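The values are calculated or read from the model by the stated rules, or taken from the named source; none is laboratory data. Treat the numbers as computed from the prediction; the structure is a model and nothing was measured. Cβ sites come from the backbone with ideal geometry, for glycine too, and all protein chains shown count toward neighbours. Accessible surface is based on the protein model in full, side chains and every heavy atom, while ligands, DNA and RNA are left aside. Shrake-Rupley method; radii C 1.70, N 1.55, O 1.52, S 1.80 Å.
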Amino acid sequence: MPNKQIHITIGTAIALLMVLFSVSCKESANSEIVSNNTRLDSLFYAIFDIRYSNPERALEIIDSIQTTKDLTQNMADECRAEVYDAMGQTRLAAFYAQRSLKDGKLKDEDLPSYLAVYRLLAHIYINSLDWRKALDYATEAYTFASQSNHNLCMVYAPKYLSQIGSCQIMLGREKEGNENFGKAYNVMADLAKKKNDFNTYYNIFATIGNCIECNLMKNNTSEALLWLPRLEESYRKSLEAQNVKEEYSTYARQCLEANTALVYAKSGRKKEAEEHYKAFLRLNGSNESDFLGTQLNYLKTMGRWQELANLSEKLDTARQANGKEMSMDYLRLELAPMFEAELKSHHTERALHMAERIIGALDSVYTKTLNDDASQLAVIYETQEKESMIAAQQTELSHQRTIGMAIALALITLFFIVYTLYRRRVARRMAQMQAAQERIKSELRIARDIQMSMVPHEFPNRPGLDLYAAMTPAKEVGGDLYGYQLYDDRLYFCIGDVSGKGVPASLFMAQATRLFSTLAEQGMMPAEICTRINNALSGKDNEQGMFVTLFIGLVDLTTGHLDFCNAGHNPPVIGGGEEHGSFLHMESNAPIGLWPGLEFIGESIDSIRKRPLFIYTDGLNEAENPQHEQFGDDRLLSTIRDTRYESSQQVIEDLMTQVEAHRQGAEPNDDLTMMCLRLS
């Protein structure tokens, strides 16, 4: 019983470190490959930000993006696996993670998702104590990453090595495991020399912590002692790194003191252990539950049963006050140590009471565990049944096509016999189809004219104000919008981009345009206008999950003061300054239409006089040539800096010329809208 309890409580600490470690790996890797603030990037961040607080909404967003074809089936499954892992539903997390790798296409579709899903699978099976399966996934991933020169693979490779080391130590291959931890440490240390930021050192710190915990679980105390100097060194260097955050550094110090205390306690160096444990308690504050396994192990190792009983009772009282549900982990990791502590402290009655409580809760906890497993299996079986039905339908369709082709071949001979008789009839039908196509084209031209009439084509003729805008839909009708309203010395202006294209996007665009004009007329500030439009468009009527990125500005023509709100839109370029033009740094707001009840944040600039403000939709920076090379943010900024300002119209026309030259005759892949504003 004691040895089993040691493994369980230390396992909690390992799981905690690995969760923190894996999340930081995903976030730091994503930060290296994401350069453009596109709508899809914003939605990915939204999914990962809310996967713990609102996982159901995260799953809805994944489904919505997949229906627009922005996510492949494999990428969507990888995202679902991350969300289900955050929910603690490991069966579903493993199912979707494995399904994302099933056809072998994820590596080519999205390398970050491919690397992350292997990290997630190894992480899931480590937490489930299935060390062999975790080792298989981590080894396969490391083999791939170590053979690639891609920067992202170089970041992930030592993370896989750390997972391999954990598995090998727990499987009794301590020498190999510690060697792999050493390799992971050396690679991370080299990366830290090239990139001196806190996250890099913190990853090193977490890796060493994992190694120490695994060695302690296998009673390799001497090996754990050898890693303590590296743990302290990585903590010290992390404090000297760039962008260090106080809450992270405090947490890292807690890990350092807790691990050091436990290693010394296991080594029999009780005086030194107590010094570090007291230092840990001074830092710990209200976060005792984060290091529960370490604390319980320390007190148990030191034979301080009364303190162990008091700590367990305190944590149990707090858990009951918070209304947390009973679980098997709760019985094993908290109530069982409390029973043992009461028994060893000779509190026989309290120990018997705790034993009765554990026995009384076993049935309900066991039933709940079975129900949770059953519900996850039900989802898996339902998904697999749907896949089987689709496969059967595809087989039947293929069979029908074969029969159809045979019939068609037989009919070709008959067709030539009766061709003359049916020629006139076919010609008449062709004429009818052409007439119908012409009618559809005519209706689309009318719809385009109506849409274009909703945006202004004449601009204020006012001294000191130079405003011009242009919109080019990729199809007959599009989803971009722009507009302005001038009230005395107050100029409202906006530019936006609706998700999707065609008629649905144009209708959504019409709603947003109308709401902007109505709310601007009431004299509201840009942030309030965004909030009101979001509440109007994100209700029950928005069943298709459409959204619009929007930039709204309000400029005082007498002072040049600019108030603005950016709702998930591309950052505008503002002229002037030492660089003669740069992207505007703004508050991060969500796109409009996704979530009701959001309060949008507005910002301001004291004066934009003599500083041209250029706003655009992503049809500009994402314009592609036949080789699928985008125009890009760097080329956009360089072009604006090199363009000699004569008028807002001239700036837009020059950029339009540059975009057309870049496309090299390729069809536009998105609507293109630009606006330029300058106060003299």
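Output the residues belonging to the stretch 632-673 that are among the aliphatic types (A, V, I, L, M) and farther than 20 Å from Lys475 by Cβ. Step through it out loud before you land on a result.
Keep residues of the stretch 632-673 that are among the aliphatic types (A, V, I, L, M), which gives 636-637, 640, 651-652, 655-656, 659, 661, 666, 672.
Matches in the stretch 632-673: Leu636, Leu637, Ile640, Val651, Ile652, Leu655, Ala661.
Hey, among the residues in the stretch 545-591 that are among the charged types (D, E, K, R) and part of a loop (DSSP other than H, G, I, E, B), which one's farthest from Leu481 (Cα to Cα)? Talk me through it step by step, then tell me what you get.
We begin by selecting, within the stretch 545-591, every residue among the charged types (D, E, K, R); these are 556, 563, 578-579, 587.
Still in the list and also part of a loop (DSSP other than H, G, I, E, B): 578-579, 587.
Values: Glu578: 32, Glu579: 30, Glu587: 22 Å.
Among those that are among the charged types (D, E, K, R) and part of a loop (DSSP other than H, G, I, E, B), it is Glu578.
Which residues, counting only those in the stretch 342-357, are at pLDDT 70 or above and under 45 Å from the mean Cα position of the chain (by Cα)?
Ala355
Could you run through the stretch 120-139 and say how many residues are open to solvent by 60 Å² or more (accessible area, probe 1.4 Å) and either closer than 18 Å to Asp110 by Cβ or part of a loop (DSSP other than H, G, I, E, B) (or both)? Spell out the reasoning first.
Going residue by residue through the stretch 120-139, those that are open to solvent by 60 Å² or more (accessible area, probe 1.4 Å) are 127-129, 132-133, 136.
Among the residues that remain, those that are also either closer than 18 Å to Asp110 by Cβ or part of a loop (DSSP other than H, G, I, E, B) (or both) are: 128-129.
Matching residues across the stretch 120-139 total 2.
Scan the stretch 475-515 residue by residue and report those that are part of a loop (DSSP other than H, G, I, E, B), in contact with a helix residue (DSSP H, G or I) (Cβ under 7 Å, 6 or more places away or on another chain) and either open to solvent by 30 Å² or more (accessible area, probe 1.4 Å) or free of Cβ contacts under 8 Å to residues at least 24 places away in the same chain (or both).
Lys475, Glu476
Need the failing condition index for Asn37 against (1) at pLDDT 75 or above; (2) more than 16 Å from Ser113 (Cβ to Cβ); (3) not in a helix (DSSP H, G or I), just the number.
(1)
Got at least one residue in the stretch 170-181 being at negative phi, within 27 Å of the chain's Cα centre (by Cα) and assigned to a loop (DSSP other than H, G, I, E, B)?
Within the stretch 170-181, none of the residues are at negative phi, within 27 Å of the chain's Cα centre (by Cα) and assigned to a loop (DSSP other than H, G, I, E, B).
Looking only at the stretch 45-97, count every residue that is under 14 Å from Leu120 (Cα atoms) and open to solvent by 70 Å² or more (accessible area, probe 1.4 Å) and tell me the total.
Final tally of qualifying residues: 1.
Kindly establish whether Pro456 is in contact with a strand residue (DSSP E or B) (Cβ under 7 Å, 6 or more places away or on another chain), part of a loop (DSSP other than H, G, I, E, B) and not small (Gly, Ala, Ser). Explain how you work it out, then say what you get.
On the way: in contact with a strand residue (DSSP E or B) (Cβ under 7 Å, 6 or more places away or on another chain): yes; part of a loop (DSSP other than H, G, I, E, B): yes; not small (Gly, Ala, Ser): yes.
In short, yes.
Taking only pairs six or more apart or across chains, which ones have beta-carbon atoms under 8 Å, a first residue in the stretch 147-168 that is over 22 Å from Leu129 (Cα atoms) and among the aromatic types (Phe, Trp, Tyr), and a second residue that is open to solvent by 20 Å² or more (accessible area, probe 1.4 Å) and not in a loop (DSSP other than H, G, I, E, B)?
none
Restricting to helices (runs of 4 or more DSSP H) lying wholly in the stretch 196-275: which have 1 or more residues that are of a type in the set (S, T, N, Q), free of Cβ contacts under 8 Å to residues at least 40 places away in the same chain and open to solvent by less than 60 Å² (accessible area, probe 1.4 Å)?
Numbers: elements: 198-217, 221-240, 246-266.
It comes to 221-240, 246-266.
Looking at the stretch 533-540, can you tell me whether even one residue there is open to solvent by 20 Å² or more (accessible area, probe 1.4 Å), part of a loop (DSSP other than H, G, I, E, B), under 30 Å from Gln66 (Cβ atoms) and not aromatic (Phe, Trp, Tyr)?
Quick first cut of the stretch 533-540, residues open to solvent by 20 Å² or more (accessible area, probe 1.4 Å) only: 535-536, 539-540.
Add one more test, that the residue is part of a loop (DSSP other than H, G, I, E, B), and what stays is 539-540.
Cutting the leftovers down to under 30 Å from Gln66 (Cβ atoms) gives us 539-540.
From what is left, the residues that are not aromatic (Phe, Trp, Tyr) are 539-540.
Yes, the conditions are met somewhere in the stretch 533-540.
Working carefully through the options Gly404, Gly464, find the one that is in contact with a strand residue (DSSP E or B) (Cβ under 8 Å, 6 or more places away or on another chain) and either exposed (fewer than 12 other Cβ atoms within 10 Å of the Cβ) or modelled with pLDDT under 75 (or both). It would help to see each step written out before you state the result.
Working: Gly404 fails: in contact with a strand residue (DSSP E or B) (Cβ under 8 Å, 6 or more places away or on another chain).
After applying the criteria, what remains is Gly464.
Taking the condition open to solvent by less than 50 Å² (accessible area, probe 1.4 Å), out of contact with any Leu (no Cβ under 8 Å at 6 or more places or on another chain) and closer than 25 Å to Cys530 by Cβ, does Phe547 pass?
Criteria not met by Phe547.
Based on what the data block shows, is Lys193 open to solvent by 60 Å² or more (accessible area, probe 1.4 Å) and either assigned to a helix (DSSP H, G or I) or at pLDDT 90 or above (or both)?
Details: open to solvent by 60 Å² or more (accessible area, probe 1.4 Å): yes; either assigned to a helix (DSSP H, G or I) or at pLDDT 90 or above (or both): yes.
It is true that Lys193 is open to solvent by 60 Å² or more (accessible area, probe 1.4 Å) and either assigned to a helix (DSSP H, G or I) or at pLDDT 90 or above (or both).
For Lys175, indicate whether it is within 24 Å of Tyr264 (Cβ to Cβ), open to solvent by 10 Å² or more (accessible area, probe 1.4 Å), without any contact (Cβ under 8 Å) to a residue 40 or more places away in the chain and not acidic (Asp, Glu).
Numbers: within 24 Å of Tyr264 (Cβ to Cβ): yes; open to solvent by 10 Å² or more (accessible area, probe 1.4 Å): yes; without any contact (Cβ under 8 Å) to a residue 40 or more places away in the chain: yes; not acidic (Asp, Glu): yes.
Considered against the rule, which asks whether it is within 24 Å of Tyr264 (Cβ to Cβ), open to solvent by 10 Å² or more (accessible area, probe 1.4 Å), without any contact (Cβ under 8 Å) to a residue 40 or more places away in the chain and not acidic (Asp, Glu), Lys175 comes out as yes.
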